[in-house]
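One structure below.
The values are calculated or read from the model by the stated rules, or taken from the named source; none is laboratory data. As the structure is a computational prediction, the values presented were derived from the model and not from experiment. In this analysis, Cβ positions are derived from the backbone assuming ideal geometry, glycine residues included, and neighbour counts consider all displayed protein chains. Side chains are part of the model used for accessible areas, which takes the heavy atoms of the whole protein and leaves out ligands, DNA and RNA. Shrake-Rupley method; radii C 1.70, N 1.55, O 1.52, S 1.80 Å.
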Number of protein chains: 2
Amino acid sequence: MVVASQSLEELCINSIRFLAIDAVQKANSGHPGLPMGAAPMAFVLWDRFLRFNPKNPQWINRDRFVLSAGHGCMLQYALLHLMGYDSVSIEDIQQFRQWESKTPGHPENFVTEGVEVTTGPLGQGIANGVGLAMAEAHLGAMFNKPDAEIVDHYTYVVLGDGCNMEGISGEACSLAGHLGLGKLIALYDDNHISIDGSTNLSFTEDVGKRFEAYGWHVQHVEDGNNDLEGIHKAIEAAKAVTDQPSLIKVTTIIGFGSPNKANSHDVHGAALGDAEVAATREHLGWNYDPFVVPDDALAHFRKAIERGASYEAEWNQAFATYKTKYPEDAALFERMISGKLPANWEQCLPTYTPESKKDATRNQSGATLNAIAATLPELFGGSADLAPSNKTLIKGEGDFQKGNYAARNLRFGVREHGMGAICNGIALHNSGLLPYGATFLVFTDYMRNAIRLSALSRAGVIWVMTHDSIGLGEDGPTHQPVEHIASLRMIPDLIVLRPADGNETSAAYKVAVERAKGIDGKPQPSLLALSRQGLPNLPGSTIDKAVKGAYVLSDSDGTPELILIGTGGELYLCAEAAEKLRAEGKKVRVVSMPSWELFEEQDATYQESVLPASVTKRLAVEAGVSFGWGRYAGTEANTITVNTFGVSSPGDVALTKFGFTVENIVAKAKAL
Amino acid sequence: MVVASQSLEELCINSIRFLAIDAVQKANSGHPGLPMGAAPMAFVLWDRFLRFNPKNPQWINRDRFVLSAGHGCMLQYALLHLMGYDSVSIEDIQQFRQWESKTPGHPENFVTEGVEVTTGPLGQGIANGVGLAMAEAHLGAMFNKPDAEIVDHYTYVVLGDGCNMEGISGEACSLAGHLGLGKLIALYDDNHISIDGSTNLSFTEDVGKRFEAYGWHVQHVEDGNNDLEGIHKAIEAAKAVTDQPSLIKVTTIIGFGSPNKANSHDVHGAALGDAEVAATREHLGWNYDPFVVPDDALAHFRKAIERGASYEAEWNQAFATYKTKYPEDAALFERMISGKLPANWEQCLPTYTPESKKDATRNQSGATLNAIAATLPELFGGSADLAPSNKTLIKGEGDFQKGNYAARNLRFGVREHGMGAICNGIALHNSGLLPYGATFLVFTDYMRNAIRLSALSRAGVIWVMTHDSIGLGEDGPTHQPVEHIASLRMIPDLIVLRPADGNETSAAYKVAVERAKGIDGKPQPSLLALSRQGLPNLPGSTIDKAVKGAYVLSDSDGTPELILIGTGGELYLCAEAAEKLRAEGKKVRVVSMPSWELFEEQDATYQESVLPASVTKRLAVEAGVSFGWGRYAGTEANTITVNTFGVSSPGDVALTKFGFTVENIVAKAKAL
């Protein structure tokens, strides 16, 4: 193909392509193929449909755009730059994939303003998109009035073959279809190429038919390389369907324009090479130097600045009117988008005394969630089909369903991974919604990447994980977490909390809610590990102490000879064992340690006051692996833990057989 | 419903139902609803179609049955007992869900003979079933002759709504459709109830249409409670379709027969209670005491013993003929199903000297896989669409595809979790096939439950995980594993290996292959963590030393003052740092530690010889979290590790910035 002269639109589309080509070539690393193929659909979407304000990327009513095929991030960086975002300069593009650049190897919302969510791990983005659309639907139902719609935007997702192969996308899209999320529009870059080669190797299903089966509205643009009007009409048609999410399958050629590498996996994940870059310039009639954008194209793109300013001004006007008419709603809306909590919100948290009913922390979690729900209208979550077991239903609230988007109980179905990414999407809508997602602790294994991404991308989510040890009993080793608590503690920036009783459960929520809202503007997810079995409320536990991560639950006079460290369901055993040891004249301290991460944040003086370095006789008791307990117990040998898979049996039998008894703690303590 | 008299089939079906009802009631724990609803389809399948020998559950050519909805395990235990398996006596059923019983809370293949795979975590079983069917197809293509078919069986799966909601089932079933696995037949217990309540809450997609989109043959039996002939005909029709897997949607009533709890989630996961058990007896006209099976029913069921013996005898005859005609093939087949390796197989493993080419361990892994493939025809695996990156292609082999089932390269597509469970299914076919599955190490997060289940269920799989640290570079924190190696080390019974060079990579495969085949009859999975970046081949590394998990790579004379412990890509830095320190007169030992688990298996004398207790100055260097390193380094402070998320940048820059340099090791060593 020799292009004698290019239309303005071709010039714009090729500007996107060559920014991607040149950035990947300069870095000698990256994925040029997707941006080259998807540039036309992205151009049509961003130029003609997407409502955003480049000079205020956080404008609350913007349309959300998610590049689920995150490896194609140069597409997004090119668009952000061309459209006039300050976050991506041409110099930033030249620093693609370099240390501390604004243009990392996959889109990272915490690095680059204008990027809504962190993608790259395939399928996460489309599931985040479902969460963003659910957030929009819920906020709309919460706040919109017949005469004033202040929340009214679309969520657009570009996803590829890889996203569509991942199970997580199926989970989230099945739910999106069920919920009838009409403002979710996904463009499927159907380029038939993945890393292994042609999708004929492993992926020949009828994707459109599958999405129809989910309840989506499905269209097909056969020539996604050239048919801009076809793309335009399809997006218009998708917007017109208000009670179903839309999939627009856009068939493209990966690496479009590269004469020797297009339509092959060579162009997927590697720089084209100097020769092929030159050949592509020739082929597409592109006579500009690297990183040069033709003036006409740039001028056209930058119209987005004025357009965006007027969108936001219009909205500001509408919101001002809304505020006059509905001051209370407006105040709540403003409080929510500020990321702030109401004053003294924590007074809603239940407190307990040793006389309070012996109960499972999952039940206390349920009570706390309900208490919070009454104080924080932004609470919005649910379980992956384990609501009766996870105790996550908000009483008196309906279910979030098509036609009932104001309700706050989410029914995720048996879709843990989808739930995880949906919660991340809700949190990263950045409108103050406070999502929680629940399942059995062992099934964090089904959603671990989403939990990790919540920490990486600063998504303020509360993960409510019940049935947290072999103490769950009869369901057996497939359902009994053993390594999970430790393995979650090592995820950076995730707060793991394993409360031992009611007060500690309230403390866990105090932390989780405040971290979800963010300290220093950085929201942070927390994960709660909660017992199935009943536990006593312990003398000495308080919310204020527990939020420090570890504290002295009970002590003998003077310097202790031994410190018993317990967490969660095993703490009360430590407390009882200490009583027995004290009765024998031993000086014993009991330390409750609901959260390693929080304890690590305390100053050295506090840490020393709880775990004095001079007291080296220590015994940690936790119904999980010993791995890592050397940090506090001195060595992993000084523990009563579980280092094998569990066994199906009644929970008390399992705990006893594995050594979680007062007698065994006393015996092991004496042996020290 | 009052049943005046029951047909023999009704008697049989109700026998299944009441064994489940009574066992759950006695345990006061379990899931009666599925067995009650699925008993008719299970009866038709086991009584009229399933080919097995109760007295030899390991008969190699048996049909495989998988209860993917594993919580309904009393269905399977009842069938095993009724059909005459010795593994499940009536006393075993009375011990349902008790400590060390043969009837745990979910089906466990390592506990109960006749159970093929371990299910319970939803969706795993159907994906295992895809693996079982792939194993059958591959073995058939390997061994069958036009005049002698020795591998020819079906794989039947019963799955529920929960399985169908999980993404893993979508992944595996999409691949199964692509591969056209005609001998895979899944019965979908469409009972419209999950734990939260009606599937209307979250799951209203058209499942049949979705499976059609995957390329499956789909049928619907509308009255799965009564229409035994409909079920029969559907299974017959499914068998007649030889180039597509089949889904038979069987609409049932969960808890069928319970007058007050049927068709509700109350009957899903809890005992019926004495009153409702009595009411159900009344309703179904069941006048037998708990755990009593009517003689007529038992006599009918037990015909399976004779039938099974004749199936096996017939096959033995066929195999004898095969052996005469094709002695070499027969010898291989026998060797494979014996679980044994050929003598001296390990001589195929490549060895290296310090003069060998500097290379990434992922490349050395690829070379090793190819060397093994030439020696072990049972090697059978691939990657989740990262073959060019994971280096997992067997050269000269085609791709396992419809029409080419003899080929050994598996193309899983971007379906990590599905791949995991498929590999488990291939291993648990117990025919000697040696599966491997590959992706980036960070994406173990997508398939963690399948990896865990490989360890729990003793599936001899090799997990090939490349790009094992921040050293992978530009792809950034979404792709850079940090906590993964440590978090995998803590999965019980999984061997994690992080080789440092070519010899250690060969050692890793020596271990992985031998463990996959099993020691003392217990196969065990291994996981290899391999570098993207090139590494030197180190003086002092050998296969024999590396298989011990840790060994002295280099040493100074006399007792060392300091021990540097390195793994994988960081070992060579330790070796270079030691040289510098020795040049300054320091006595330094370098310990290579490719596998914690293997080192823990060594005797105390060996352990002490490598890491003498008296040498307390230690520094561990690993590009992952410090969590747990206190075990060998004394404290986690004595490490150079990564405790935050990584960063997108060239890999060498990232490693340098995070302190993985000879200079930093020397400096930190001196500070000790």
Quiz item: Which residue, of A:VAL250, A:VAL277, is closer than 30 Å to A:LYS183 by Cβ and either open to solvent by less than 40 Å² (accessible area, probe 1.4 Å) or of a type in the set (Lys, Arg) (or both)?
Solution: A:VAL250
Exercise. Identify all residues within segment A:369-387 that are open to solvent by less than 10 Å² (accessible area, probe 1.4 Å) and more than 14 Å from chain B (Cβ to nearest Cβ); write none if there are none.
Key: A:LEU369, A:ILE372, A:ALA373, A:LEU376, A:GLU378, A:LEU379, A:PHE380
Quiz item: Among the listed residues A:HIS283, A:HIS268, which satisfies the condition of being in the same structural domain as A:MET41 (by TED's automatic domain parsing), open to solvent by 20 Å² or more (accessible area, probe 1.4 Å) and under 33 Å from the mean Cα position of the chain (by Cα)?
Solution: A:HIS268
Quiz item: How many residues are assigned to a helix (DSSP H, G or I) and either surrounded by 24 or more Cβ atoms within 10 Å (Cβ to Cβ) or small (Gly, Ala, Ser) (or both) if we restrict to segment A:139-160?
Solution: 3
Exercise. Could you tell me whether segment B:294-315 includes any residue that is assigned by TED's automatic domain parsing to the domain that holds B:ASN56, modelled with pLDDT of 95 or more, under 30 Å from A:SER389 (Cβ atoms) and open to solvent by 20 Å² or more (accessible area, probe 1.4 Å)?
Key: no
Exercise. Give me the pairs, please: first residue somewhere in segment A:324-335 and open to solvent by less than 40 Å² (accessible area, probe 1.4 Å), second residue anywhere and assigned to a helix (DSSP H, G or I) and hydrophobic (A, V, I, L, M, F, W, C), beta-carbon distance under 6 Å, and either six or more positions apart or on two chains.
Key: A:PHE333/A:PHE143
Quiz item: If B:ALA654 passes every condition in (1) among the hydrophobic types (A, V, I, L, M, F, W, C); (2) open to solvent by 10 Å² or more (accessible area, probe 1.4 Å); (3) assigned to a helix (DSSP H, G or I) but one, which one does it miss?
Solution: (2)
Quiz prompt | Residues within segment A:581-603 that are closer than 25 Å to A:ALA486 by Cα, more than 32 Å from the chain's Cα centre (by Cα) and open to solvent by 10 Å² or more (accessible area, probe 1.4 Å), tallied | solution = 1
Quiz prompt | Qualifying positions in segment B:388-416 - open to solvent by 10 Å² or more (accessible area, probe 1.4 Å) and small (Gly, Ala, Ser) | solution = B:SER389, B:GLY396, B:GLY398, B:GLY403, B:ALA406
Self-check item: Any chance B:ILE563 is open to solvent by less than 10 Å² (accessible area, probe 1.4 Å), of a type in the set (Val, Ile, Thr) and over 26 Å from B:ALA367 (Cα atoms)
Solution: yes
Practice problem: Select from segment A:280-308 the residues that are of a type in the set (Val, Ile, Thr) and under 15 Å from A:HIS81 (Cβ atoms) and list them in ascending order. | Solution: A:VAL292, A:VAL293, A:ILE305
Quiz item: Mind checking which residues of segment B:633-672 are more than 27 Å from A:ARG97 (Cα to Cα), within 11 Å of chain A (Cβ to nearest Cβ) and not aliphatic (A, V, I, L, M)?
Solution: B:GLY634, B:THR635, B:GLU636
Self-check item: Among the residues listed as A:GLY558, A:GLY569, A:GLY659, the single one being within 25 Å of A:ALA360 (Cα to Cα) and not in a helix (DSSP H, G or I)
Solution: A:GLY659
Exercise. Tell me which residues, restricted to segment B:282-307, are among the aliphatic types (A, V, I, L, M) and either more than 16 Å from B:ILE16 (Cα to Cα) or part of a helix (DSSP H, G or I) (or both).
Key: B:LEU284, B:ALA297, B:LEU298, B:ALA299, B:ALA304, B:ILE305
Self-check item: Residues that are more than 7 Å from chain A (Cβ to nearest Cβ) and under 35 Å from the mean Cα position of the chain (by Cα), drawn from segment B:610-632
Solution: B:VAL610, B:LEU611, B:ALA620, B:VAL621, B:GLU622, B:ALA623, B:GLY624, B:SER626, B:TRP629, B:TYR632
Quiz item: How do the pairs read when you match residues in segment A:396-422 that are at the interface with another protein chain (Cβ under 9 Å from one of its Cβ atoms) with residues anywhere that are of a type in the set (Lys, Arg) and in a strand (DSSP E or B), using Cβ under 7 Å and keeping only pairs 6 or more apart or on different chains?
Solution: A:ASP399/A:ARG411
Practice problem: Would you mind listing the strands (runs of 3 or more DSSP E) fully within segment B:172-281 where at least 3 residues are of a type in the set (Val, Ile, Thr) and more than 14 Å from chain A (Cβ to nearest Cβ)? | Solution: B:246-251
Practice problem: Identify, from the list B:ALA667, B:ALA620, B:ALA578, the residue that is surrounded by 17 or more Cβ atoms within 10 Å (Cβ to Cβ) and in a helix (DSSP H, G or I). | Solution: B:ALA578
Quiz item: Going by the conditions given, is A:VAL588 touching a residue at least 24 places away in the same chain (Cβ under 8 Å) and away from every other protein chain (no Cβ under 14 Å)?
Solution: yes
Exercise. Say whether the condition of being free of Cβ contacts under 8 Å to residues at least 24 places away in the same chain and more than 25 Å from B:ILE495 (Cα to Cα) is met by at least one residue in segment B:645-653.
Key: no
Quiz item: Out of (1) more than 9 Å from chain A (Cβ to nearest Cβ); (2) in contact with a Gly (Cβ under 8 Å, 6 or more places away or on another chain); (3) closer than 26 Å to A:GLY170 by Cα, what's the single condition that is false for B:LEU441?
Solution: (2)
